[in-house]
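Have a look at the structure below, then the notes.
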Amino acid sequence: MPKSYRYPVYPYRRSADQDASSPAHHPVIVVGAGPVGLSMAVDLGLRGIATLLLDEDDTVSDGSRGICFAKRTLEIFDRLGVGDRIVEKGVTWNKGKVYSGDRLIYAFDLLPESGHKRPAFVNIQQYYIEDYLIERAGEIDGLDVRWKNRVIGVEPDADGVTVTVETPEGDYTLKCDYLIAADGAKSGVRDFLGLPFEGRSFEEQFLITDIVMSADFPAERRFWFNPAFHDGQSALLHRQPDDVWRIDLQLDADADREAEGSPERTIPRLKAILGEDQPFEVDWTSVYRFRCARLEHFREGRVFFVGDAAHIVSPFGARGGNAGIQDADNLAWKIAAVLERKAPEALLASYEAERIPAADENIRYSARSTDFMTPKSRVNRIFRDAVLDLAERFAFARRMVNSGRLSTPSVYSDSPLNSPDAEDFLSGIPPGAAAADAPLKHGGWLIDHLGGGFAGLWFASDPGEIDAARASALERLAAGGLPIRVFVVAPEGAEGAVHDLPVLVDRGGLAFERYDASGGAFYLFRPDQHVAARFRRLEIEPVNGALARALGRDKSRSDTDARTAHG
Amino acid sequence: MAELSSDDRLDRPDDLYAALTDAHEGLSEEESTALDARVILLLANHIGAAGVTIEALRQARESVLAHREDG
């Protein structure tokens, strides 16, 4: 275990369920208190769903593990109530440098435009993310976290799932409506259901090391192809909080795991990178060989798979943890809406329809990065080296240099929940995409107003055009008891309440620009802040239709959804 | 969508042929392949639309494989 962090211990406590004469029932059980399971449980808890989170251990992750959290993930953490702590503790970075040999060939800025609450990335050890989410979970009524509760059996049937749990005081049985498997790359739930987890393994091994040192390097990502200090392989350097630095080194396919992870091997390598004079201490080391794989289905009846239990990727691009948290973000509101009978069960089929293409996208990106970094054949190496060579002189070749295409939120372009554009939008945020942020005149950020329910943004270049009839019709719009919170977005100089609708004043015109809304527009957002539909001119009926569709109520879709749901 | 043109449109075919072979003068096989890779990348960028180069790759591969069947 790293020495730079003091590990909390969450004690096992006996629960009343262990003494119940028949298995206690819970609406939702989440298996695994990693970042994804915790995000899922906190999200459900905040939506008022009684949720039980089971974890086999009694502390947070051993080692820093996932360290890069992307802008969209930070926005989700904001909604869950842990964003500020994570960003304050984390190291913010937007810039990266790519070296070939010892020459800098390329520098990039991931967030070249300002006017976003959150940066492109923060680096923070996974144990802090878990630590903060566990604390947050403790503040939520109806969210029960049980440590040293290992799931040893899962039996789904048509009405629910029976779960057998092992504790230090013996086994007990539970029932739930929905089981969420967030139990990681070696998912036990996956094994209990006998589901194959197929994909592609990469031969190369990587040594990941966290070291503690006080060094005056900037907070940026540095990647080396063929560095002189590491014998033709690749290397990556990242800064974390607490003066901890992450170094990834590619090893040969046949390297001996044990030997390579030993201090006798790692310390000379680190000295070669950092210089003989730089004092440092090794905090944590791991040697791994990675795979890209995913389940064929992310849902088996009432069991849902999220995060690494559903899909794994190579680490370059930070697409594992970020995608997992976006899985939870996608699924939590849907489960809540179905359990509260505000949406038909068909809505749940959209989890796979949206997150399987997202997983495939992440696997494709990460496999391509890996192939670029570790050429598998003579021809691969020739083209890779040609690109690196040309990149020094030509910008076009820099765009081919692939040291990891860093995680961006997936756009659910083909989602059954989208209502396609009926009018022309040249740019802006298309249906299926996550909301874009923008600064507001009186402080604060657009993204924070969207919250965790359905929301509408009514872009009005002249708030006078908003008539009382449509405003009050909008306020009454609600599907199955789920209302839309509507905000008027007004340009600077056009402040003031409009028919009791709250007004967000667009500082510097960025919101109008980012949403292609100069001619007026209405955007409908889902509870995960993705766009469900957009309109040039606001009419109540199409908005109502889009709301129904976003809840899986669209009649033209319901037949196919029902088949997928039970298939 | 740009398409690969296979019309007869090269202005100085003999000069180009000579330049193609001259560029490899004195290079090892490894260096020759490295040169070809750079030329492909530079020309692909000049063309811009990746689809054109992808179509050229497909046709070139077909031509090479046809040989294999002949033999």
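The values are calculated or read from the model by the stated rules, or taken from the named source; none is laboratory data. As the structure is a computational prediction, the values presented were derived from the model and not from experiment. Neighbour counts run over all protein chains shown; Cβ positions are idealised from the backbone, glycine included. Surface areas here come from the heavy atoms of the whole protein model, side chains and all, with no ligands, DNA or RNA. Shrake-Rupley method; radii C 1.70, N 1.55, O 1.52, S 1.80 Å.
Key figures for this structure:
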{"read-out": "Pairs with Cβ under 9 Å, 6+ apart, first in segment B:32-43 and free of Cβ contacts under 8 Å to residues at least 24 places away in the same chain, second among the acidic types (Asp, Glu) and open to solvent by less than 70 Å² (accessible area, probe 1.4 Å)", "value": "B:Ala34/A:Asp385; B:Ala37/A:Asp385"}
{"read-out": "Strands (runs of 3 or more DSSP E) wholly inside segment A:1-115 that include at least 3 residues being open to solvent by 60 Å² or more (accessible area, probe 1.4 Å) and of a type outside the set (Lys, Arg)", "value": "A:103-109"}
{"read-out": "Some residue of segment A:175-182 being assigned to a loop (DSSP other than H, G, I, E, B), out of contact with any Ser or Thr (no Cβ under 8 Å at 6 or more places or on another chain) and modelled with pLDDT under 95", "value": "no"}
{"read-out": "Failed item in (1) at pLDDT below 95; (2) more than 14 Å from chain B (Cβ to nearest Cβ); (3) under 25 Å from the mean Cα position of the chain (by Cα); (4) open to solvent by less than 10 Å² (accessible area, probe 1.4 Å), with A:Thr374 passing the rest", "value": "(3)"}
{"read-out": "Segment A:387-397: number of residues that are in contact (Cβ under 8 Å) with a residue 24 or more places away in the chain and surrounded by 18 or more Cβ atoms within 10 Å (Cβ to Cβ)", "value": "2"}
{"read-out": "Matching residues, segment A:215-242, being closer than 14 Å to A:Lys97 by Cα and assigned to a strand (DSSP E or B)", "value": "A:Arg221, A:Arg222, A:Phe223, A:Trp224, A:Phe225, A:Ser234, A:Ala235, A:Leu236, A:Leu237, A:His238, A:Arg239"}
{"read-out": "Lone qualifier among B:Leu35, B:Leu65, B:Leu20 - being in a helix (DSSP H, G or I), out of contact with any Asp or Glu (no Cβ under 8 Å at 6 or more places or on another chain), open to solvent by 70 Å² or more (accessible area, probe 1.4 Å) and hydrophobic (A, V, I, L, M, F, W, C)", "value": "B:Leu20"}
{"read-out": "Residues being out of contact with any Phe, Trp or Tyr (no Cβ under 7 Å at 6 or more places or on another chain) and closer than 12 Å to A:Leu440 by Cβ - total across segment A:488-502", "value": "3"}
{"read-out": "Hits in segment B:7-31 - residues which are under 13 Å from the mean Cα position of the chain (by Cα) and either within 14 Å of another protein chain (Cβ to nearest Cβ) or aromatic (Phe, Trp, Tyr) (or both)", "value": "B:Tyr17"}
{"read-out": "Members of segment A:271-299 that are open to solvent by less than 50 Å² (accessible area, probe 1.4 Å) and modelled with pLDDT under 85", "value": "A:Ile273, A:Leu274, A:Gly275, A:Tyr288, A:Phe290"}
{"read-out": "Which numbered condition A:Pro463 misses (of (1) modelled with pLDDT of 95 or more; (2) in the same structural domain as A:Arg485 (by TED's automatic domain parsing); (3) not hydrophobic (A, V, I, L, M, F, W, C))", "value": "(1)"}
{"read-out": "Selection status of B:Arg58, at pLDDT 95 or above, more than 14 Å from chain A (Cβ to nearest Cβ) and open to solvent by 90 Å² or more (accessible area, probe 1.4 Å)", "value": "yes"}
{"read-out": "Residue count, segment A:398-420 (criterion: buried (at least 21 other Cβ atoms within 10 Å of the Cβ) and facing chain B (nearest Cβ under 10 Å))", "value": "0"}
{"read-out": "Test for A:Asp254: is it in a strand (DSSP E or B) and more than 25 Å from the chain's Cα centre (by Cα)", "value": "no"}
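Here is a yes/no grid of residues against (1) surrounded by fewer than 17 Cβ atoms within 10 Å (Cβ to Cβ); (2) at pLDDT below 90:
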site: A:Gly184; (1), (2): no, no
site: A:Glu203; (1), (2): yes, yes
site: A:Met213; (1), (2): yes, no
site: A:Phe225; (1), (2): no, no
site: A:His230; (1), (2): no, yes
site: A:Arg239; (1), (2): no, no
site: A:Arg257; (1), (2): yes, yes
site: A:Ile267; (1), (2): yes, yes
